[in-house]
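Worksheet for the structure shown next.
The values are calculated or read from the model by the stated rules, or taken from the named source; none is laboratory data. It should be emphasised that the depicted structure is a prediction, and the values quoted were computed from it without experimental measurement. Positions of Cβ are generated from backbone atoms using ideal geometry, with glycine treated the same way; all protein chains shown enter the neighbour counts.
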Amino acid sequence: MQPIKALLSGAVLVLGVTLAAPTVVAAELQKKLTAESAIEAAMKRGKLRVGMSTFVPWAMRNKQGDLIGFEIDVATKVAQDLGIEVEFVPTAWSGIIPALIAGKFDVIIGGMSVTTKRNLTVNFTDPYAHSGMGIVANTKLAGNLKWPDGYNSAKVTFTCRRGATSCTDTKKLFPKAKLRQFDDSSLVLQEVVNGNAHAVLTSFPKPTLWKNQNPDVLFNPTLEKLTEGNEAFALRKGDPDSLNIFSNWIRVNASNGWLQDRWNYWFKNIEWADQVNLKK
């Protein structure tokens, strides 16, 4: 009996080690990443790696394939002020926080709204932007709906980009409506244009921009802000130095007017619209 007990004990020990291995590896990775601040690593590398996702007008490709937009301006200036280069790492929005935690890049600068749920896994800097959600709808499907009560119905379908704040806002404002989520942000609008969904919530200036691009198909039930957000840089936990440096950068560039100037350019007019193929 003794050899059998020893054998079973050994098997349990091996199983325990096997199950614990991924946890140990994850813990070691986190320890390694937090041992050196993101800023310190970027300075040694000579390059700030920025996680982002294309989303008009935060970040988008122009007709030459180059990244432009509010986030691109912000991240580029951050790197310039640090005296290093910037490297953008396009990432699917639904997986952008796990990618940050895994060390795929140093910081998320991608129009990420501060939420309690997100704050449980990442740290946020001071807000550097305050977006607002608006609405654009299909005229044929929603033209006769009473605003806003008519949109809060199980017969109405909204779209949103998976993992985006607009999904949460839609559920909160129109809890009875159906919600279809897409990883591809272009499909969020296209489904409404094609008449497969009634409406979509999106941050300004896109509600009016999309309506102007499709005047025979879309309309704005209201031009009022339905929500107001607080967007911030997101960082891995355990990195107070980077949090301090980025937050102070935001304070300086808010007080000197630079952030407001870039916000006005990208969000208060559409002078830049001819640089991009927005219907794609």
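Can you pull out every residue in segment 113-141 that is in contact with a strand residue (DSSP E or B) (Cβ under 6 Å, 6 or more places away or on another chain) and over 30 Å from Met52 (Cα atoms)? Residue satisfying the conditions is Thr139 alone. State yes or no: is Gly65 without any contact (Cβ under 8 Å) to a residue 12 or more places away in the chain, surrounded by fewer than 16 Cβ atoms within 10 Å (Cβ to Cβ) and not basic (Lys, Arg)? Against the criterion (without any contact (Cβ under 8 Å) to a residue 12 or more places away in the chain, surrounded by fewer than 16 Cβ atoms within 10 Å (Cβ to Cβ) and not basic (Lys, Arg)), Gly65 qualifies.
Using the structure shown, decide if Tyr151 is modelled with pLDDT of 95 or more, farther than 23 Å from Ile68 by Cβ and among the aromatic types (Phe, Trp, Tyr). Criteria met by Tyr151. You will find that of Thr157, Thr170, the residue that is over 20 Å from Met60 (Cβ atoms), in contact with a Leu (Cβ under 6 Å, 6 or more places away or on another chain) and touching a residue at least 24 places away in the same chain (Cβ under 8 Å) is Thr170 and no other. Checking Trp58, Trp93 one by one, the residue that is of a type outside the set (Asp, Glu), at pLDDT below 95, closer than 17 Å to Ala129 by Cβ and touching a Lys or Arg at 6+ places or on another chain (Cβ under 7 Å) is Trp93 and no other.
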